Amino acid sequence: MCKGDHPMASCDHLNFPHALSEGDWIDDKFLPRGTVVIINAWGLHNDPQYFTDPEPFDPDHIKGCTAPATELAVGAPEKRDHYGYGTGRRFCAGVHLADRSLFIAMAKLLWAFEILPVKNGKGTVDTDPVTGYSEGSLVCCNDFDAKFNVRSKAKEETILREFEEKKGMCDRFALSGNA
């Protein structure tokens, strides 16, 4: 699910701009050293050459893809599962932490909660790529109402116990003085 989420709702539709360190040819056009290039990650994620039906969320798009993003990023473009971490020299230096953090967060949420949309005046959750997300360089889904039901009493007790144990864990990093 983590890998399937990136093409559907990558937070960076356009990867951050960078300049070419050397000239290169693309589609019979020469781009000289220093040319600013912006990778259209959204365009790549929605290219039917890589995903037969890219629009609906379907984790099966990347079924069987178990290699980490770091391995796929240096391989053949058609084997990439997503471009959410950028590409080339601008590939995310924190990709190991990001991948593992995303997996752990998603696994814990799915372990602990049944997550349901709330049917209200807004209707159902808008997952349309055009209307369901914010606009800008970094993209996130629009606010929506959801109900989180704890899956069991034992899981609720674990959540509350771990919350109490971790409370104050980051206090040592607090800024001293007036900020």
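The values are calculated or read from the model by the stated rules, or taken from the named source; none is laboratory data. Note that this is a predicted model, so its numbers are computed, not measured. For neighbour counting, all protein chains shown are included, and Cβ atoms are generated from backbone atoms with ideal geometry for every residue, glycine included.
Quick notes
- Test for H45: is it under 18 Å from the mean Cα position of the chain (by Cα), at pLDDT 85 or above and within 30 Å of L20 (Cβ to Cβ): no
- Which listed residue is of a type in the set (A, V, I, L, M, F, W, C), more than 15 Å from the chain's Cα centre (by Cα), within 29 Å of L14 (Cα to Cα) and part of a helix (DSSP H, G or I), from L109, L97: L109
- Pairing residues of the range 70-88 that are touching a residue at least 40 places away in the same chain (Cβ under 8 Å) with residues that are among the hydrophobic types (A, V, I, L, M, F, W, C), at Cβ distances under 6 Å and at least 6 apart in sequence or on separate chains, gives D81/I62; D81/C65; D81/L72; Y83/A41; Y83/L44; G86/C92; T87/I39.
- Exactly one residue among G94, G86 is loosely packed, with under 11 Cβ neighbours inside 10 Å and of a type outside the set (S, T, Y), and that residue is G94.
- Filtering A69, A76, A107 for residues that are touching a helix residue (DSSP H, G or I) at 6+ places or on another chain (Cβ under 7 Å) and among the aliphatic types (A, V, I, L, M) leaves a single hit, A69.
- Subset of the range 135-179 [surrounded by 11 or more Cβ atoms within 10 Å (Cβ to Cβ) and in a helix (DSSP H, G or I)]: K155, E156, E157, T158, I159, L160, E162
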